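Only one structure is covered here, and it is reproduced in the block below.
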Amino acid sequence: MERHVPIKFLAVAFAALGLGGCFSIERAYLLRTNEEHVLVSNYGWYLFHFIPVACGNASEDRWTPWVHFRDDVTMENVQRRFTMLADDPNESIRNPTYTTYESVMLEIPGLNLPLPVPYLLTYREIQLSGIISKKREDAK
């Protein structure tokens with residue numbers, strides 16, 4: 001007798017992958033000024049605003065781009081990964097700027113009122129950007 005994977009199981013699996021968080025590092029090099037603009041961001045989904053469901057994996061030795069039931073969307077994790085990029089003593093970090101964003105998954109548009117249960121599923125994102133500049137060899 002042949003067994004088929006139930007469609008409900010596949011739907012739940014794809015929904016879980018879709019709700020996965022994401023950790024990313026974006027870099028843009030400015031060769032003329034010997035600077036690099038860096039943006040480190042992480043986001044995730046939370047149950048009742050406090051219980052992490054799926055977050056971006058901020059580990060250096062990550063196996064998957066997301067983690068479940070571990071809170072990696074913290075300023076400490078994002079800042080640690082940002083400063084790891086400027087580990088050379090000749091590099092300095094300038095103009096660090098961060099943004100945080102939180103929203104409720106189900107809300108009345110325009111009124112900012114959550115539906116039907118407040119904070120059933122929430123979204124949280126942290127971004128940190130700045131400029132990493134290297135000291136020029138000719139500058140003394």
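Which condition from (1) within 15 Å of Tyr123 (Cβ to Cβ); (2) out of contact with any Pro (no Cβ under 6 Å at 6 or more places or on another chain) is the one that Tyr46 breaks?
(2)
Could you list, in sequence order, all residues of segment 22-32 that are assigned to a loop (DSSP other than H, G, I, E, B) and charged (D, E, K, R)?
Listed by number, the list holds a single entry, Arg32.
Name the single residue, out of those in segment 55-66 being at pLDDT below 90 and not charged (D, E, K, R), that is surrounded by the most Cβ atoms within 10 Å (Cβ to Cβ).
Trp66
In the list Arg27, Arg32, Arg3, which residue meets the criterion of being at pLDDT 85 or above and loosely packed, with under 11 Cβ neighbours inside 10 Å?
Checking each option against the conditions leaves just Arg32.
Residues of segment 67-95 being of a type outside the set (A, V, I, L, M, F, W, C) and within 18 Å of Ile126 (Cβ to Cβ), which ones?
Within segment 67-95, Arg70, Asp71, Asp72, Thr74, Glu76, Asn77, Gln79, Arg80, Arg81, Thr83, Asn95 meet the criteria.
Tyr43 is checked against (1) surrounded by 11 or more Cβ atoms within 10 Å (Cβ to Cβ); (2) modelled with pLDDT under 90; (3) of a type in the set (Ser, Thr, Tyr) and fails just one. What number does that condition carry?
(2)
Can you tell me how many residues in segment 85-127 are part of a loop (DSSP other than H, G, I, E, B), at pLDDT below 90 and not charged (D, E, K, R)?
Qualifying residue count for the region: 15.
The values are calculated or read from the model by the stated rules, or taken from the named source; none is laboratory data. Quick caveat: nothing in here was measured; it's all calculated off a predicted structure. For neighbour counting, all protein chains shown are included, and Cβ atoms are generated from backbone atoms with ideal geometry for every residue, glycine included.
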